Amino acid sequence: MTELERDLVIKLMSRNISEDEFRNEFFSGKHPEQKIIRLLERALVERNADDVEFTLFAGFDLFTEKSVPILCELLVSDSHSRHEDIARSLQDLKSPESIESLYAAALLKLDYLDFDENFALARKCTWALSAINTIESRRKLELLAQCDNEIIRGFAKKRLE
């Protein structure tokens, strides 16, 4: 992501620019989803947490099935702290392609979440697996319902009910 692109996202975040102005300048009328995917891929390779956050913010309503592979990679990466946002996006997309990543992320131990005794990421992952609603996603919920962590086990059991 360029400095100009970062500045535009910051302006949008602070409401110093309208969404229309942002989209016109940031995307220049060119395939917005492809640009978001490309920026996320670069941020992942560069392990740039700020660019992951900025790009997710810029593309929050642009994710489609084409976005699922990079979102899955980011979901299990320790290079940023936006896992809950990604799990929520995957829940909205309901793609069976995300099942393995959601399952893995539900059990992921990330340093920045050490304080989280409520396991919010795992909760969001169980919601996403439930939303996908396939035989495979139910199998993953069943596995989570048997895991050692009592809280995660409870989330999974609730989604299975």
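The values are calculated or read from the model by the stated rules, or taken from the named source; none is laboratory data. On a predicted model such as this, the values are computed, not experimentally measured, just so you know. Cβ: placed from backbone, ideal geometry, glycine included. Neighbour counts: every protein chain shown. All accessible areas refer to the heavy atoms of the entire protein, side chains included, with ligands and DNA or RNA removed. Shrake-Rupley method; radii C 1.70, N 1.55, O 1.52, S 1.80 Å.
Of note:
- Residue under evaluation residue 109, criteria (1) touching a Gly at 6+ places or on another chain (Cβ under 9 Å); (2) at pLDDT below 95, criterion not met: (1)
- Filtered by the rule that a residue be open to solvent by 90 Å² or more (accessible area, probe 1.4 Å) and part of a helix (DSSP H, G or I), the range 101-137 gives 111, 123, 127, 135.
- Screening 98, 67, 89, 79 for residues that are in a loop (DSSP other than H, G, I, E, B) and open to solvent by less than 50 Å² (accessible area, probe 1.4 Å) leaves exactly one candidate, 79.
- Selected residue (criterion: modelled with the highest pLDDT) from residues of the range 1-48 that are among the polar types (S, T, N, Q) and more than 23 Å from the chain's Cα centre (by Cα): 16
- The range 36-46 - residue that is surrounded by 17 or more Cβ atoms within 10 Å (Cβ to Cβ) and touching an Asp or Glu at 6+ places or on another chain (Cβ under 8 Å) and, of those, nearest to residue 118 (Cα to Cα): 44
- Tally, over the range 138-161, of residues that are assigned to a helix (DSSP H, G or I) and free of Cβ contacts under 8 Å to residues at least 12 places away in the same chain: 4
- Matching residues, the range 1-29, being surrounded by 11 or more Cβ atoms within 10 Å (Cβ to Cβ) and aliphatic (A, V, I, L, M): 1, 8, 9, 10, 12, 13, 17
- In the range 47-63, the count of residues that are open to solvent by 80 Å² or more (accessible area, probe 1.4 Å), of a type in the set (Lys, Arg) and under 17 Å from residue 8 (Cα atoms) is zero.
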